[in-house]
């Protein structure tokens, strides 16, 4: 079965746990994945990610990011994002990496997303420093396993 999956690590490595997605894709690049899976570090380049989504048109996009939901720090979760009925907003932050901003940029470019999942982690510390907190560092392996499972199930 030939499919296309984009795994996008997003976040700012200069803001502590916000670099979670970047660290997860760094680990995923060491993992054997099917050739129809592309793993990329987008950092804070929202316009770049939206452009790649518009041109590559993946069936499945997995965004990996630190996302505050009010859970205990280090909690990893998988959420399917609602991508229906997007209206492009003319005033957008091209560096914004929140999923809604990226999807709005994609709509502005005329793209239509396939299925989009967010593998998120509750951050402990988001401040001006490099490196993940110990609790979020421990969650990297859990997120790598979650992405690997998503890819394995998508290919079936």
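Only the coordinates and a few stated rules stand behind these numbers; no lab work does. Just so you know, these numbers come straight off a predicted model, no measurement behind them. Backbone-built Cβ (ideal geometry, glycine too); neighbour counts: all protein chains shown.
Tell me, Kirkwood radius of region 1-45 from alpha-carbon pair distances, in Å? Numbers along the way, then the final one.
Values: mean 1/r = 0.0910 Å⁻¹.
Answer for region 1-45: a Kirkwood hydrodynamic radius of 11.0 Å.
Ignoring everything except DSSP H segments at least 4 long, calculate the 222 nm mean residue ellipticity for the chain; use -39,500 (n - 2.57) per segment, divide by total residues, nearest 500. Intermediate results must be reported in sequence, preceding the final value.
Working: 4 runs with 51 residues, N = 156.
After summing the helix terms and dividing by residue count, I get -10500 deg cm²/dmol.
Where both partners of a DSSP beta bridge lie in the chain, what percent of those bridges are antiparallel, to the nearest 5? Provide the component values of the computation, followed by the final result.
Details: 5 of 24 bridges.
Roughly 20 percent of the DSSP beta bridges within the chain come out antiparallel.
Return the single residue from 52, 65, 17 with maximal mean-square fluctuation; model: Gaussian network over the chain, springs between Cα atoms under 10 Å.
52
Would you compute, for the Cα atoms of the chain, the largest minus smallest coordinate along each principal axis and list the three values in descending order, in whole Å?
On the principal axes, the chain reaches 40, 40, 23 Å in Cα extent.
Just to compare against my own numbers: the Cα pair-distance distribution for region 20-61, 5 Å bins, whole % per bin, please.
Result returned by the calculation: 5, 20, 28, 25, 19, 3.
I want to verify a result. In a Gaussian network model of the chain, Cα cutoff 10 Å, which of these has the top mean-square fluctuation: 32, 50, 145?
In the Gaussian network model the winner is 32.
Hey, in the GNM for the chain with a 10 angstrom Cα cutoff, which one of 81, 60, 103 fluctuates hardest?
Most flexible of the set in this elastic network: 81.
Arranged by the count of other C-beta atoms within 10 angstrom, fewest first, what order do 42, 77 take? Please report the intermediate quantities before stating the final value.
Numbers: 42 24, 77 15.
Fewest-to-most ranking of 42, 77: 77, 42.
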